[in-house]
Amino acid sequence: MTNVIDGAERGVLGADSPEGEALEVAMLATFDDLLSTVESSERIIGASMALRAARIDQLRLWSEAMTSTSSSPTASSGGASSAGTPTTSTGPHGWTAAVRGRRELVFELACALRIPERTAERLIWESSRIVHDLSETNTALRDGEISYRHAQVMIDQTDTLPDGASADFERELLPFAKILTVAKFAAVARKKRESLHPESITERHAAAVEERRVWVDPQQDGMAFLGAQLSAEVALAAYDRLTEIAMAQKSPDDARTLAQKRVDAMSDLLLDGDTCAAADEGVAGEGTGHGVRAKVLVTVPVLTLLGRAETPANLGGYGPIDPEMARRLAADAPSFARVLTDPVTSAILDFDRTKYAVPADLRMVLRVRDETCRAPGCNRAAARCDVDHSVDWANGGTTCAGNLSHLCEFHHNLKHHTRVRLRNLGDGRIEWKTPSGRTYVTHPANTVGSPPGEPTGEAPPGEASTGEPPGEAPSGEAPSGEASTGEPPGEANRAAPDPGWPAADPAPGDMPF
C-alpha cells in the first residue's frame, strides 16, 4: 500500500508543481487502497454472517436429532420413563423432550455468544430462514454483496408471504438490497410487500398492535431512552400533543428549547398524569390514580449521603448516578427507597435465616444486590422475579443471601425442567452449567457482605437442588408456541454431574408441582 506523505510537504512543494501533482496522485492512490480494504472487510463480514447462519442451523438440526434420539423408546430402560410413563406422552406441564431441547439450545447459544436468549432465539429462526427459504439472499450474503442487516429486512418482509409470492418477492427486491442503504431498502420492500400480501393491512395492523410495548435503554451520563412501540396514529397524536404543551409554555425566563420542553411535558404526564377513569363519563376501570409512582431503589454510600464524599450512587435498574441527584432522591422522593452501603467495602450486610419464607428486609437486600434476574443475559427486573433457593429448603438449603437469588419465571422454570443447572457460590456470584458441560458465572450488580460461616449455596453431593416447597415453585408452563410432544431425555443421555453440582432432574412423577 502506498505510504501517505505528510501534508506539510505538499504545502512546500505547491499544488501546481510536478512534485505537488505527483504527491496528490500518491495520496489519492492511498485513499483508494484504504477504501478498497474497507469494502473487502465488509464483504468478509457478510461471508462470515452467512457461515454463522449455516452453522447455527446445523446446530439446530443436530440438537433436534439428539433430542429425538434421547426421547426414543430405545433411549430409556424398557421404553418408558423412570416414572413409568411411556416416552410418547406429554411431559410435566408441557415440558416435553422437544421443548427442553429447544430451550437448552437457546440457552447454550445465548451464553456462548453473550447475547440475550430472545436474541439467540431470533438468530436461530433467521438462520433457518436464510438457509432454507431465501437461497438467493444467502448467496448474496455469502458473496459479500449485501450486509446481514439487508438480509434481516428480507427475512422480515417475506415472513408472512405465501411461498410462491416469497420467491418472487426475493428475486425482485434483491437487486435493490445490493445498491441501497438498509433504511431505503426497507422502505422499498414495505411498499412491494403491500402489493403481494394476501392479508389486508387492517388485519395485519390489528395483529401488530398486540405486540405493543415500552422499554428503557440506559445511556451514559445519567441518561436513558424511554421507547414505545405503539400504533402510528397514537404515536403521532401523542407527539403533537407534547409539542402543543411545550409551545404553550412561554416565559421570558424559560431558557429551555422546544425539544427540552417536550421531554419535560412527557415526564410530567407519565409521572403525575391522571389516568383514573372518570366516573361521570361511564369509562370502565379504575386507572392508576394521581401521582402513583413505582418503588425505585437508590443505593447511596453513607459518606455521600452525608455530603462528605462525592462517590456515585446506584439507581436500581440503571446504574451510577451523580451524588447530588442521589442525595435529593434519598431526602425528598418518597417513592424511592434508600439503601446505605459501607463507605469502605460498599457491602450491604445480611445474616442467616432459619425460616423458608424470605423476610421483607432480606428481600430488599437481595433486590439491591441482584437488580435483575441472575441468568446470563437476562435483564428482567428483580422486582418482577422469584426469589429462588439455590439449594432446596427440603435438602438443607437455608434462607440466607448465600443461598438465594432472583430468577424470572422463565429461568426458574428452565432450572426445574431442563438439564441447565446453577450453583450459588455464596458471595453473590451464580455459576451456571449447560448440558454441554460449559460453565458461566454471573456477578451481582452490587456487593453484599456475608458473615463468616454462611452457607455457600452448594448442594450436598448427590442431592438435587431443583425443587421448592409446594406452592412456591414456578408455574412450569411451557413457553407459548412450543411443541408439546415427546418425553424428557432418558438419564443415560444426560451428562454426568460434576462433584458439587446438583444431580439430574427428578422423574416427572417427583416434580414438586
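Packing order of peptides 164-170, 211-217, 22-28, 385-391, highest average first: 385-391, 164-170, 22-28, 211-217 (average count of other Cβ atoms within 10 Å over each peptide's residues). 3J(HN,Hα) couplings calculated from phi for the stretch 46-61 with the Karplus curve 6.51 cos²θ - 1.76 cosθ + 1.60 (θ = phi - 60°) are, in sequence order, x, 5, 5, 5, 5, 5, 4, 4, 5, 6, 5, 5, 5, 4, 4, 5 Hz; Gly and Pro show x.
The label-point distance for Ala357 and Lys192, in a model that sets each label 7 Å from Cα toward Cβ, rounds to 6.3 nm. Fewest-first ordering of Cys111, Cys378, Cys373 by other beta carbons within 10 Å of each residue's beta carbon gives Cys378, Cys111, Cys373. Residue-wise HN-Hα couplings along the stretch 405-415, as the Karplus relation 6.51 cos²θ - 1.76 cosθ + 1.60 with θ = phi - 60° gives them from phi, are 7, 7, 10, 5, 4, 4, 6, 4, 5, 4, 5 Hz; Gly and Pro carry x. Computed extension length for Asp253-Ser68: 59.4 nm, one decimal, from 0.36 nm per residue of separation with the Cα-Cα distance subtracted. The phi-based Karplus calculation (6.51 cos²θ - 1.76 cosθ + 1.60; θ = phi - 60°) puts the 3J(HN,Hα) values of the stretch 22-39 at 5, 5, 5, 4, 5, 5, 5, 5, 5, 4, 5, 4, 5, 5, 5, 5, 4, 4 Hz, whole numbers, x for Gly and Pro. Full extension of the chain between Gln220 and Glu409 gives 65.0 nm of extra length, using 0.36 nm per residue less the Cα-Cα distance.
Taking amide H as placed 1.01 Å from N in the peptide plane, the amide H of Ala224 sits under 5 Å from that of Gln219, each at least 5 places away or on another chain. Modelled spin-label separation between Lys184 and Ala238, with each label point placed 7 Å from Cα along the Cα-to-Cβ direction: 3.2 nm. Modelled label positions at Glu210 and Ser231, each set 7 Å beyond Cα in the direction of Cβ, lie 1.6 nm from each other. Residues Thr398, Thr418, ranked from the fewest to the most other C-beta atoms within 10 Å, line up as Thr398, Thr418. When Thr304, Thr439 are sorted by how many other C-beta atoms sit within 10 angstrom of their C-beta, beginning with the fewest, the order is Thr439, Thr304.
Non-local amide H neighbours of Ser405 (under 5 Å, H modeled in plane, Pro and chain starts lacking H): which ones? Hits under the 5 Å cutoff: Asp388, Ser390. Annotation: extensible slack from Trp125 through Ser267 equals 47.4 nm (criterion: 0.36 nm per residue apart, minus Cα-Cα distance). Taking amide H as placed 1.01 Å from N in the peptide plane, the amide H of Ile321 sits under 5 Å from that of Ala313, Asn314, Leu315, each at least 5 places away or on another chain.
Read-outs throughout are calculated quantities, based only on the coordinates presented, and are distinct from any laboratory measurement. Source: prediction; values computed, not measured. Positions of Cβ are generated from backbone atoms using ideal geometry, with glycine treated the same way; all protein chains shown enter the neighbour counts.
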